[in-house]
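To start, the structure itself, in structure tokens.
The values are calculated or read from the model by the stated rules, or taken from the named source; none is laboratory data. All of these numbers come straight from a predicted model, not from anything done at the bench. Cβ placement follows ideal geometry from the backbone for every residue including glycine, while neighbour counts extend to all protein chains displayed. These area figures cover heavy atoms from the full protein model, side chains too; ligands, DNA and RNA do not enter into them. Shrake-Rupley method; radii C 1.70, N 1.55, O 1.52, S 1.80 Å.
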Amino acid sequence: AMASVSEPVPACAINWAKVWEGDTSDLCPFVHPSLEVASFEGRGRGVRASAAIATGELLLGELALAVAPEAELPDVLVNLQETLSRVDVLKLDLMCDGSSPGVVAEPIALTDWPAEEQGPLEA
């Protein structure tokens with residue numbers, strides 16, 4: 001099983017054989033506590049580490065929202081939006097809305113990004 005968000009976990013702690021067989025019952029979302037969202041002048045928004053991360057530590061773990069052949073995935077995601085939580089819709093929009101990312105005034109822990117109560121980003 002993956003660790004909670006507050007404790008780093010080595011990638012080798014995951015039973016990858018089970019995962020590749022389709023058994024994801026032991027998995028849960030994971031974000032390394034040192035990851036944060038920040039703006040980089042002239043380059044836009046991105047994710048950075050706020051502290052050293054040991055070789056082999058897991059950075060992110062997330063279950064897929066949907067799985068489909070590439071050609072069908074856009075339609076599957078559009079149809080899925082009606083059933084997603086507001087935070088999941090925000091995450092999808094941040095990845096693929098085609099707009100320029102806003103400026104993040106202060107770095108935000110990736111575990112808190114995006115938040116429903118988060119106001120609009122600065123232009």
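Identify the single condition in (1) open to solvent by 60 Å² or more (accessible area, probe 1.4 Å); (2) modelled with pLDDT of 75 or more that Glu122 does not satisfy, given that it satisfies every other one.
In the conditions (1) open to solvent by 60 Å² or more (accessible area, probe 1.4 Å); (2) modelled with pLDDT of 75 or more, Glu122 misses (2) alone.
Please specify each residue of the stretch 20-71 satisfying the condition of being of a type in the set (Phe, Trp, Tyr) and open to solvent by 90 Å² or more (accessible area, probe 1.4 Å).
Quick first cut of the stretch 20-71, residues of a type in the set (Phe, Trp, Tyr) only: 20, 30, 40.
Hit for the stretch 20-71 is Trp20, nothing else.
Please specify each residue of the stretch 86-114 satisfying the condition of being more than 22 Å from His32 (Cβ to Cβ), open to solvent by 40 Å² or more (accessible area, probe 1.4 Å) and at pLDDT below 75. Steps first, answer last, please.
Residues of the stretch 86-114 that are more than 22 Å from His32 (Cβ to Cβ), as a first pass: 86, 89, 93, 96-100, 102-103, 105.
Checking the rest, the ones that are also open to solvent by 40 Å² or more (accessible area, probe 1.4 Å) come to 86, 93, 96-100, 103, 105.
Passing the criteria: Asp93, Cys96, Asp97, Gly98, Ser99, Ser100, Val103.
Please verify whether Val67 is modelled with pLDDT under 85 and in a loop (DSSP other than H, G, I, E, B), treating the condition exactly as stated.
Answer is yes for this residue.
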